[in-house]
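Structure first, commentary second.
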Amino acid sequence: MRRGRTASSSFPSPARKPPVPPRAMFPELNELLDASPERPQPGKFTLLRDTRTDGSFLVHHFLSFYLRAGCKVCFVALLQSFSHYNIVAQKLGVSLAAAKERGQLVFLEGLRSCLDLLFGEEEEQPAQPSPLQFISGSASDLRALFDFVRTSLTPSDSDSWKGPVLLVDDLSVLLGLGAAPVAVLDFIHYCRVTVCSRLQGNIVVLVHSNEDSEDEENELVVNALCHHSDLILWAEGLATGFCKDVHGQIKIIKRLSLELTGEQDQVQIYQYKIQDKNVTFFARGLSAAVL
């Protein structure tokens, strides 16, 4: 999923209809989630969790999904550069550069911000504090990061977007940079109150986890987020190891218990294979390579 190609553009001839844009990726996942860019459901917190595998394909899916849905997106990208995400997005039929230019996408490039804070020239009075100011030791909380998100997603009178979306890739990096678990959970709590409740938008967060890990702080954050998520997409590597035809297993957990309806959480388990421009999902043991 980390290879990309820039699509060439051409004007259609007058006698032909313009080409239909590609469907939001990934169509099979949209069907499993009963989701569509034409009707994004507001007010939801989605947790993307991966164990023994790379769940970044889910980040790329939701980024293209919400941009195609016409939502205002604040992308806190702590793991990769803008060029990386842009290359993958182009493959999925979305231009991040164009989205930034029209004001639909606010992109925080965490790698560059960290380098500027640690190795950049010091300014006596910076015009605006860095969203990741905490890594310099001048603050112990993530208030600057929350202020960045709130300012980026609070609609103005001229905005015509369907709704705000916060996307974080990935939250575990904040712990690696020195943020305390309580600070990370406080950040997510205030973002949920602002984005999901007050602005009726959506939050999508990726975290890495390993049930056998000795990183107790990370597992504490992961478990706490699981209890407060409306939807959990848990990508796991196969217990049998690498397989070229089945890349992993995904567990879709719809937290119906949070809706106070008395219903139990709905759990669906599928296996998947990542292709060049798509991801296919199938019931366990029903891969074409196995049958």
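The values are calculated or read from the model by the stated rules, or taken from the named source; none is laboratory data. Because the structure is predicted, anything quoted here is derived from the model rather than measured. Cβ coordinates were reconstructed from backbone atoms using ideal geometry, including for glycine residues, and neighbour counts include every protein chain displayed.
Here are some notes:
- Checked against the criterion of being within 15 Å of the chain's Cα centre (by Cα) and either at pLDDT below 95 or assigned to a helix (DSSP H, G or I) (or both), the candidates 182, 173 yield just one match: 173.
- Out of 118, 78, sole residue that is surrounded by fewer than 16 Cβ atoms within 10 Å (Cβ to Cβ) and either at pLDDT below 95 or of a type in the set (A, V, I, L, M) (or both): 118
- Enumeration of residues in segment 57-77 that are out of contact with any strand residue (DSSP E or B) (no Cβ under 7 Å at 6 or more places or on another chain) and either assigned to a helix (DSSP H, G or I) or more than 14 Å from residue 26 (Cα to Cα) (or both): 60, 61, 64, 65, 68, 70
- Some residue of segment 8-24 being at pLDDT below 95 and surrounded by 17 or more Cβ atoms within 10 Å (Cβ to Cβ): yes
- Residue 137 passes every criterion in (1) closer than 25 Å to residue 225 by Cβ; (2) surrounded by fewer than 17 Cβ atoms within 10 Å (Cβ to Cβ); (3) of a type outside the set (S, T, N, Q) apart from (1).
- Residue in segment 40-52 that is of a type in the set (A, V, I, L, M, F, W, C), crowded, with 21+ Cβ neighbours inside 10 Å and over 16 Å from the mean Cα position of the chain (by Cα) present: no
- Positions within segment 214-243 being without any contact (Cβ under 8 Å) to a residue 12 or more places away in the chain and either exposed (fewer than 13 other Cβ atoms within 10 Å of the Cβ) or in contact with a Phe, Trp or Tyr (Cβ under 8 Å, 6 or more places away or on another chain) (or both), in sequence order: 214, 216, 223, 227, 239, 240, 241, 242
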